[in-house]
Amino acid sequence: MSLEAIYEAVLSGDAGTTEAKVKAALEANTPPEDVLYKSCIPAMEEVGRLFEEGEKFVPEMLISARAMQAAMRLLKPLLLQADIKTLGKVVMGTVAGDLHDIGKNLVSMMLEGSGFEVIDLGTDVSPQRFVDAVREHQPQVIGMSALLTTTMPSMRATVEALKEAGLREGVRVMIGGAPITQDFADKIGADGFAPDASSATRRAKALVGTT
């Protein structure tokens, strides 16, 4: 069955097969939402579970996430056309002064693979750019990443900027990165902390009330 084949291709991280099987499924009039919710998302959930159990590692998560992206390139226009609801919008960015993006990119891909719409602002994102993105996109969640201890204060500054702009109450703030802890998240008033991409997806779902 084509949906099963797509699931297996995403799970194994085979982007070429994923793309071919998704094309074939769509040509056979399989609804795009079925491809997303019955194949792609379950496959990424399984990838996350295997990662948490130590059976998959970050490189393997990345290749599965890239296979998922190959599927999403075909599915996204059709899902938008059909007005299929996402779990919510997430604005993602690595904070001001920090140019590291591997972790952020993996979280973004995992979130998209779980049914979120992701607006990725890239790296070195100032508090004002986060504020502007919240105004423009009206996300349910913003995700901030930092790899350097010297850029961690930018997270606090962003939370403060959201408060000053009167936007803090309307958005959940999730933070992560190598030096970040739950204690730091509590101190700056963030709503959530995630130590890795798999738990970030689960945390985001909890923040928007889907789990």
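The values are calculated or read from the model by the stated rules, or taken from the named source; none is laboratory data. Since this is a predicted model, take the numbers as computed values, not measurements. As a convention, Cβ positions derive from the backbone with ideal geometry for all residues, glycine included, and neighbour counts pool all protein chains shown.
Kindly check whether there is at least one residue in region 95-114 that is in a loop (DSSP other than H, G, I, E, B), closer than 19 Å to Arg172 by Cα and under 19 Å from the mean Cα position of the chain (by Cα).
Yes.
Taking the conditions exactly as written (at pLDDT 95 or above, surrounded by fewer than 19 Cβ atoms within 10 Å (Cβ to Cβ), outside the structural domain of Pro59 (by TED's automatic domain parsing) and not in a helix (DSSP H, G or I)), does Gly166 satisfy them or not? Give the derivation first.
Values: at pLDDT 95 or above: yes; surrounded by fewer than 19 Cβ atoms within 10 Å (Cβ to Cβ): yes; outside the structural domain of Pro59 (by TED's automatic domain parsing): yes; not in a helix (DSSP H, G or I): yes.
Yes, satisfied.
Kindly provide the set of residues from region 156-211 that are farther than 15 Å from Val134 by Cβ, in contact with a strand residue (DSSP E or B) (Cβ under 7 Å, 6 or more places away or on another chain) and small (Gly, Ala, Ser), ordered by number.
Listed by number, the residues that qualify are Gly176, Gly177, Ala185, Gly192, Ala194, Ala200, Ala204.
In this structure, is Met174 crowded, with 21+ Cβ neighbours inside 10 Å and either in a helix (DSSP H, G or I) or not assigned by TED's automatic domain parsing to the domain that holds Ala200 (or both)? Before you say what the answer is, go through the steps one by one.
On the way: crowded, with 21+ Cβ neighbours inside 10 Å: yes; either in a helix (DSSP H, G or I) or not assigned by TED's automatic domain parsing to the domain that holds Ala200 (or both): no.
So Met174 does not fit the description; no.
Being part of a helix (DSSP H, G or I), of a type in the set (Val, Ile, Thr) and touching a Ser or Thr at 6+ places or on another chain (Cβ under 9 Å) is the filter here, so list the residues in region 115-163 that pass it.
Result: Val131, Thr151, Thr158.
Could you pull out the residue among Leu62, Leu106, Leu78, Leu50 that is of a type outside the set (Ser, Thr, Tyr), over 14 Å from Ser198 (Cβ atoms) and surrounded by fewer than 24 Cβ atoms within 10 Å (Cβ to Cβ)?
Only one candidate passes the filter, namely Leu78.
Identify, please: which residue in region 81-94 is in a strand (DSSP E or B) and under 12 Å from the mean Cα position of the chain (by Cα) and is, among those, surrounded by the fewest Cβ atoms within 10 Å (Cβ to Cβ)?
The qualifying residue surrounded by the fewest Cβ atoms within 10 Å (Cβ to Cβ) is Lys89.
State all residues of region 138-149 that are more than 21 Å from Ile102 (Cα to Cα) and surrounded by 15 or more Cβ atoms within 10 Å (Cβ to Cβ); if no residue qualifies, say none. Before the answer, list the steps.
Of the residues in region 138-149, the ones more than 21 Å from Ile102 (Cα to Cα) are 138-140.
Passing the criteria: Pro139, Gln140.
Being of a type outside the set (S, T, N, Q), buried (at least 20 other Cβ atoms within 10 Å of the Cβ) and more than 16 Å from Ile102 (Cβ to Cβ) is the filter here, so list the residues in region 194-206 that pass it.
Result: Arg203, Ala204.
Look at Ala28 and say whether it is loosely packed, with under 15 Cβ neighbours inside 10 Å and either over 16 Å from the mean Cα position of the chain (by Cα) or hydrophobic (A, V, I, L, M, F, W, C) (or both).
For Ala28, the condition - loosely packed, with under 15 Cβ neighbours inside 10 Å and either over 16 Å from the mean Cα position of the chain (by Cα) or hydrophobic (A, V, I, L, M, F, W, C) (or both) - is met.
Determine, yes or no, whether Leu79 is of a type outside the set (Lys, Arg), on the phi < 0 side of the Ramachandran plot and in contact (Cβ under 8 Å) with a residue 60 or more places away in the chain.
no
State whether one or more residues within region 128-135 are surrounded by 17 or more Cβ atoms within 10 Å (Cβ to Cβ), more than 13 Å from Val91 (Cβ to Cβ) and modelled with pLDDT of 95 or more.
no
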